[in-house]
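J.: Input: one structure, supplied below.
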Amino acid sequence: MSPAPILQLQGATRRLAGRTIVDGVTFSLDRGCVLGLLGVNGAGKSTTLRMIAGLLAPSAGRVLFDGRELAEEPALARRLGYLPETPPLYAELRVDEYLAFCARLRGMRAADARRAVDHVIERCGLTEVRRRLCGNLSKGFAQRVGIAQAIVHDPDLIVLDEPASGLDPVQAASIRKLVSELGRDRAVILSTHLLHDVTACCARVAILHAGRLRHDGALAELTGAQGADLETLFFRIASADDAQAAA
C-alpha cells in the first residue's frame, strides 16, 4: 500500500465575520515536490497557509498531515516549517541566538540544536551575519533567516508565504534556488503572486482565486519555455471570476 500524502486538504474552508475567505479547497502533496500556490493579493493564499500550518482552524473541512488530522494532533506541527509573509524575527537577538531559540522551541536538545544551527546557517548563506542582530539585517538576509528558522528542525513539510517578496533580482534568484534545493527530499509549498517564482522552482501549480481552487496540476503540462501558457491560464481564470462577480 502506498504511503499517504504528506499533506491533504479536504474541503478546507475558513469564514471570518460572515465572509468566506477560503472556500472548499482540496488538494494533496507528496514528498519531493514544490507546489506553487499562485494567486492575486486577497485570493486567500495566506489564510490557506495558516490553516496548513495549524495557526487557524478550518471552519469546515480537514487538514491532514501524513493521514492524521492536525486539529486532533497538534504535536504534528513540529514536523512543519512555516515562514509567514513577514519573518518572525526577534530584533534584539543575534542570528545564531534566534535560530538556537527556534530549534529549542521545536523540542531539540541543546547539542542537537547547536549542530542544526551551524548546518542551517551554512545552507542559507548566513555565515557572514550569524553574530549580527536580527534587527540590523537587510531585507534579503532577514528573509534568509526566516527560511532558516522554518527548516532548522529538518521538517517534512515547509510552507513559505511570499519568501521572495520585495527582494532585488539577485536576492530573489538566490531564494528561488534555495527553495528548489529544499524540495528535493521534502514537500514545499511556495505561495506567491509572481508567475516567475512558480516557473523557476515549482513542479506543480495550484491557482487560488477569490478563495476557491481554480486549477491544480503539473507545471510541465502548462508552460512553454517562457511560461506563457501559465500566464494565459492565470489571467483567464482571474478575468472569468471577476466578470462573474460583476454580473
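None of the figures in this text is laboratory data; all of them are computed from the coordinates on show. The model shown is predicted, which means the values in this text are computed figures rather than measured ones. Using ideal geometry, Cβ is built from the backbone for each residue, glycine included, and neighbour counts are taken over all protein chains shown.
J.: How many angstrom separate the Cα center of region 179-209 from the Cα center of region 81-151?
T.: 22
J.: Give me the one-decimal nm value for the distance between modelled label points at Ser180 and Glu85, 7 Å along each residue's Cα-to-Cβ direction.
T.: Spacing of the two 7 Å Cα→Cβ label points: 2.7 nm.
J.: When only C-alpha pairs under 8 Å and at least 6 residues apart count, what is the relative contact order of region 7-246, in percent?
T.: The value is 27 percent.
J.: Among Val25, Pro3, Gly39, flag the residue with its Cα farthest along the positive direction of the charge dipole of the chain, charges on Cβ as +1 for Lys/Arg and -1 for Asp/Glu.
T.: Toward the positive end, the furthest listed residue is Pro3.
J.: Kindly provide the helix-only [θ] at 222 nm of the chain, computed as the sum of -39,500 (n - 2.57) over DSSP H runs of four or more divided by all residues, to the nearest 500 deg cm²/dmol?
T.: My calculation for the chain gives -11000 deg cm²/dmol from helical runs alone.
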